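A short write-up of the structure that comes next.
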Amino acid sequence: EAAVTQSPRSKVAVTGGKVTLSCHQTNNHDYMYWYRQDTGHGLRLIHYSYVADSTEKGDIPDGYKASRPSQENFSLILELASLSQTAVYFCASNDGYEQYFGPGTRLTVL
Amino acid sequence: QQKVQQSPESLSVPEGGMASFNCTSSDRNFQYFWWYRQHSGEGPKALMSIFSDGDKKEGRFTAHLNKASLHVSLHIRDSQPSDSALYFCAASSSSFSKLVFGQGTSLSVVP
């Protein structure tokens, strides 16, 4: 089964601080995605990438940046964290048929 | 407006019973439909995909798709306590396209 790992698994950040969430996959999948999960909204797409050194905006990109330095790694960056960005963040990769999700990062912004 | 509407919001069924979930899309570009399951503290995992009209059965799980009405459903027969989880419907326009998720249904299977 495809392996997607995320770090950290949980983080507490201060308002206005910078936060970087990391994702690593070992399956040579080209496509990778970042979603956030909030109660009542399911999962919503923030950014995605289909090749290293290139990222695309998803449905809710405001306040987030993404970086894909290699095929295996995909980061989500919050330059100025805000209270509204408290959520659980999931990374996923796609083998052309199915998306495989990581275990998630619980981010709390105080 | 959410492009993928899911119901019910929560569901409680007795062990051995049938659990049913519904999903309706408002975007006719969606051709691929998925059901994902998420246990507490874990990431979502794909349960079933359905791309053609009609039924698709995998063990205790049956999915049904009606492309004309953009309606997809999932039925779990002989529900087990281990089936207790969040269930999401998701849709996309191609296998590589972004997934659009419904709001989710929380299933509780009571022993």
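The values are calculated or read from the model by the stated rules, or taken from the named source; none is laboratory data. None of these values were measured; they are calculated from a predicted model. Cβ coordinates were reconstructed from backbone atoms using ideal geometry, including for glycine residues, and neighbour counts include every protein chain displayed.
Structure summary
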quantity: Matching residues, the stretch A:24-33, being within 11 Å of chain B (Cβ to nearest Cβ) and surrounded by 17 or more Cβ atoms within 10 Å (Cβ to Cβ); calculated: A:His29, A:Tyr31, A:Tyr33
quantity: Wholly enclosed strands (runs of 3 or more DSSP E) of the stretch A:30-109 bearing at least 1 residues within 20 Å of A:Val4 (Cα to Cα), modelled with pLDDT of 95 or more and among the β-branched types (Val, Ile, Thr); calculated: A:42-51, A:54-57, A:73-78, A:87-94, A:105-109
quantity: Residue match in the stretch B:68-88 (condition: aliphatic (A, V, I, L, M) and under 26 Å from A:Cys23 (Cβ atoms)); calculated: yes
quantity: Count of residues meeting criterion [more than 10 Å from chain B (Cβ to nearest Cβ) and either in contact (Cβ under 8 Å) with a residue 24 or more places away in the chain or of a type in the set (Ser, Thr, Tyr) (or both)] in the stretch A:48-74; calculated: 13
quantity: Qualifying residue in the stretch A:2-14 (condition: in contact (Cβ under 8 Å) with a residue 60 or more places away in the chain, farther than 18 Å from A:Gly104 by Cα and more than 10 Å from chain B (Cβ to nearest Cβ)); calculated: yes
